[in-house]
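Below is one structure; the comments refer to it alone.
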Amino acid sequence: MDSNLDLKKKLLIENWRREMEAVQLYELAARQEPNPKKHNILLRLAEIEKEHAILWEKQLTELGYDLSQLPVIKVPNDLKTTNLMKKLFDIEQSNATWYQSQRNLLADENLLQILDKIEEDEAEHETTVNSLTRSTPSISNVLNNIWRKERWHKQKTGDWVGDAIYGVNDGLGAIFGIIAGVAGYTNDSHTILVSGFFGALASTLSMGAGAWLATKSENELMESELIHERREVQEDPEHEKEELALLYELKGFSQEESKQIANRIASDPEQFVKAMAQEELGIHESTAANPWTSALYGCISTFIGGIIPLIPFFFLSGLPAMVTAAVVSILAHFAVGAAKSLITVRSWWASGLEMTAAGIIVGVVSYGLGLLGTLLL
């Protein structure tokens, strides 16, 4: 029992050390950052890491640990911006793996809730960086990588938002291209509407089927890896246990502690398989998505995007309908592009203008092909 308590304390102390190291590095980066906005963002990130460290301090206090015995954390003060951000990237990437592996070790519900809390906080980092309207590539790209890599679990909310945005984008672009092409070929508004509507239905079904198959294939690949890992554990458990112990040695545990951890995990065969899959392959059961949910989001978002260019044809006809549809579609392209900034680090106006340009090109080329069709068909 005492050995388990000592191991738990060692884990919590290491958690605290990692967070405090990140605090000092973010503060150092903030001192070197001349841009006031990015300076404040870096300071806020340091505050968040400090809050995480305090959570671990509280847990240590509950275990009766004297906080005055915590190690003194010092980081080099002469790190230049590029090397500093690279070090932050490496630390955050290492911490992601470190914290994830603890889910296989800790059965304490309070500690698991803290890990969830930290995960929620870090998931907000990407949203924070999106507030920058101007970004220096060397800083913003590294920050984005850090925050993306730090997502220890698949962010279900972020996933469906991203899928929805890209689904709307796909439907909007495809149907705007169809009606522009048909409009170039004929002035019949009814023909344009029917072509666009059934094109939207086809795109909707295609996107839904594609999302279902893609998600199902990912899950099957994951399950295949788990079956393979389970077979290895069954055929040669001692070898796998040795591998797991070595992996924990690489995380900073002593040889004796690593063996203790590996033996503890190996006592539960199913947990052993999950731990090996996580440590060796980076596979965690929470990363599995529901194919039907993916298909539903894909269908709904694509149909919404596809129906937007058709709306004017329900109320207008002829040239006014086509002009209105073009204006509505171009504005919708900008809106979708701006919405993409929710899941990327680009500014909303740059992303919106890019999508607008793409929509205009699709419309012009499709209309031109329609005109060409009147000569060839």
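The values are calculated or read from the model by the stated rules, or taken from the named source; none is laboratory data. Computed from a predicted model, the values in this text were never measured in an experiment. Heads up, the Cβs are rebuilt from the backbone with ideal geometry, glycines too, and the neighbour counts pull from every protein chain shown.
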Testing residue 3 on (1) at negative phi; (2) at pLDDT 75 or above, one condition comes back false. Which one is that?
(2)
State whether one or more residues within the range 32-42 are hydrophobic (A, V, I, L, M, F, W, C) and more than 23 Å from residue 278 (Cα to Cα).
yes
Given (1) in a helix (DSSP H, G or I); (2) of a type outside the set (Gly, Ala, Ser); (3) more than 18 Å from residue 303 (Cβ to Cβ), index of the condition residue 187 fails
(1)
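Check the range 319-327 and report whether any residue there is of a type in the set (Ser, Thr, Tyr) and assigned to a loop (DSSP other than H, G, I, E, B). Quick ask: steps written out before the conclusion?
The first filter runs over the range 319-327 and keeps only residues of a type in the set (Ser, Thr, Tyr), leaving 324.
Next, only the ones that are assigned to a loop (DSSP other than H, G, I, E, B) stay: none.
No, the range 319-327 contains no residue that is of a type in the set (Ser, Thr, Tyr) and assigned to a loop (DSSP other than H, G, I, E, B).
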